[in-house]
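Following: one structure in structure tokens, then a few remarks.
The values are calculated or read from the model by the stated rules, or taken from the named source; none is laboratory data. These numbers come from a predicted model, not from an experiment. All Cβ positions, even for glycine, are placed from backbone atoms using ideal geometry, and neighbour counts span all protein chains on display. Ligands, DNA and RNA are excluded from the accessible area calculation, which covers all protein heavy atoms including side chains. Shrake-Rupley method; radii C 1.70, N 1.55, O 1.52, S 1.80 Å.
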Amino acid sequence: QLEESGGGLVQAGGSLRLSCAASGRTDTRNAMGWFRQVPGLGRIFVAGIMWSGGGTRYADSVKSRFTISRDNAKNMVYLQMNRLKPEDTAVYYCAAGRDLTIYDFWGQGTQVTVSS
């Protein structure tokens, strides 16, 4: 099970931190990630991190603005989002997977809205 929190409404240029709590079968996966989706479009990759070693991967659109991190002891993953833009508005989903490219467990999503 994956449970996201931390979404909300923020002005452009502001920051938000998303959290994801992993439990059950999901905490046996090797990688965690964040995806986002806007109405009418598919879910797209934002950032990923390995539980072991902490290797990360980011979408080009968020590099230098977003940071993914994890707390292995708490089975938590975070997405720190800085310098938010209106185009970052989306539902953000936490995901668990085999590696930084393959994900097979999903949370319910949390809405992030960035106003201009």
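Quick notes on this structure:
- Were the residues from Arg25 through Asn72 laid out at 0.36 nm apart, the gain over their Cα-Cα distance would be 15.4 nm.
- The chain - percent of accessible surface contributed by carbon and sulfur, probe 1.4 Å: 48 percent
- Mean sequence separation of contacting Cα pairs (under 8 Å, at least six apart), scaled by the length of the stretch 18-60, corresponds to a relative contact order of 29 percent.
- For the stretch 105-116, backbone phi angles converted through the Karplus equation (6.51, -1.76, 1.60; θ = phi - 60°) give residue-by-residue couplings of 10, 9, x, 7, x, 9, 7, 10, 10, 10, 8, 8 Hz, Gly and Pro being listed as x.
- In the stretch 13-116, the C-alpha radius of gyration followed by the widest Cα-Cα span (Dmax) gives 12.9, 40 angstrom.
- In this calculation the C-beta distance from Arg83 to Met50 is compared with R0 = 25 Å, giving a FRET efficiency of 0.50.
- Here the dipole of the stretch 11-116 is about 100 debye; that uses its Cα centre as origin and unit charges on the Cβ of Lys and Arg (positive) and Asp and Glu (negative).
- The chain: relative contact order as a whole-number percent, Cα under 8 Å and 6+ apart: 37 percent
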